[in-house]
């Protein structure tokens, strides 16, 4: 079997659909079907059954599909070890990152690293912090950038801290929030729990949510156009200074902070490219993202 065949089985087992698998692998359905038939011929058995409900794997096919991940990981490790034998820093790094970090921090970081080590390539997976945590743990990615602390027990590095604000197009008063229209967005579970905890500490009624969107960037645009207020981290607000802000603090007046972390496994540092990248990240200047030092003493409003 070729590497491509193992990839087909892996993706098909995840998608359970010929159409979706073909789309994911940027190939045609006839070509994918022909390749599956060739795999079945090679092993002399039926791998999948197709029905109106999608693709169902036979017991033998399921075993092959589950083995595909391990086979592909072993091949990846072999490539990494071969690249590691070279004196130059090269190879492909698999990075997992939250969508927030990918949008606002990752591009300039990778650009500067590529200038130092142009032979290094990247595969970037964007997902919720919890999923990134799991993928680093399962060695599906080399390292992860997350915005929530799920108790990682291996190597981690605090990248920066951000204050969290109530942002609005017009000046508002904190005590009036329960009566004002709020825009919510999908976020990581721990971040949401932190914001919900702050709300319960300050109000006895639920917020008046009038709009829900999928992304933080979309939420920012809605707030900018005066459709309501939102609770957002500081970095996303840097390019719209005209928005009014109220800093979120705990009961002692200390700013509530959103922390971004780098996670990786110690054994992964045997890969030269990864060790170089980790060192670069841990010495990278994220100071433009850390405004928490300006707000240690008291809550303030730009209104």
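The numbers here are math on the coordinates, done by the rules we state, and not lab data. Bear in mind the structure is a predicted one, so any value in this text is a computation, not a measurement. All Cβ positions, even for glycine, are placed from backbone atoms using ideal geometry, and neighbour counts span all protein chains on display.
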For this session: Starting from the Cα of residue 103, step 7 Å along the direction of its Cβ; do the same at residue 139; then give the gap between the two resulting points in nm.
Result: 3.4 nm
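For region 161-257, what does the alpha-carbon gyration tensor say about shape, rounded, prolate or oblate, given a ≥ b ≥ c as the root eigenvalues, a/c under 1.5 as rounded, and a/b over b/c as prolate? Present the calculation step by step, with values, prior to reporting the outcome.
Values: a/c = 1.28, a/b = 1.18, b/c = 1.08.
Rounded, because the longest to shortest axis ratio a/c is under 1.5.
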Seminar exercise, completed: Taking a ≥ b ≥ c as the square roots of the Cα gyration tensor eigenvalues, with a/c under 1.5 meaning rounded and otherwise prolate when a/b beats b/c or oblate if not, region 53-170 comes out oblate
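Return the calculated 222 nm mean residue ellipticity for the chain, to the nearest 500 deg cm²/dmol, obtained by summing -39500 (n - 2.57) across DSSP H runs with n ≥ 4 and dividing by the residue count. Intermediate results must be reported in sequence, preceding the final value.
Details: 10 runs with 121 residues, N = 303.
After summing the helix terms and dividing by residue count, I get -12500 deg cm²/dmol.
Which of 49, 142 has the fewest other C-beta atoms within 10 Å, and how do the rest follow up to the most?
Arranged by neighbour count, lowest to highest, 49, 142 become 49, 142.
Sorting check: for 38-45, 96-103, 239-246, which peptide has the highest mean count of neighbouring beta carbons within 10 Å, and how do the rest follow?
Details: 38-45: 12.6, 96-103: 22.2, 239-246: 14.1.
The densest-packed peptide leads the list: 96-103, 239-246, 38-45.
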For this session: Would you order 285, 184 from fewest to most other beta-carbon atoms within 10 Å of each residue's own beta-carbon?
Result: 285, 184
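By how many nm would the segment from residue 201 to residue 174 grow when fully extended, if each residue of separation counts as 0.36 nm and the alpha-carbon distance is taken off? It would help to have the intermediate numbers written out before the result.
On the way: separation 27, 0.36 × 27 = 9.72 nm, distance 1.29 nm.
In short, 8.4 nm is gained.
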Problem set entry | Proxy reagent accessibility, fewest Cβ within 10 Å first, across 150, 229, 13, 264 | 150, 13, 264, 229
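Could you check how many percent of all C-alpha pairs in region 3-77 are farther apart than 15 Å? Could the numbers behind the result be given before it?
Numbers: 1414 of 2775 pairs.
It works out to 51 percent of all Cα pairs.
Order these peptides, 155-166, 266-277, by their mean beta-carbon neighbour count within 10 angstrom, highest first. Spell out each step's value before the answer.
Working: 155-166: 19.6, 266-277: 17.2.
Top of the packing list down: 155-166, 266-277.
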Exercise. Pairing the Cα long axis of helix 189-202 with the longest principal axis of the chain, what angle in degrees results, from 0 to 90 and rounded to the nearest 10?
Worked result: 20 degrees
For this session: Note down the relative contact order for the chain as a percent, whole number, built from C-alpha pairs under 8 angstrom at least six residues apart.
Result: 20 percent
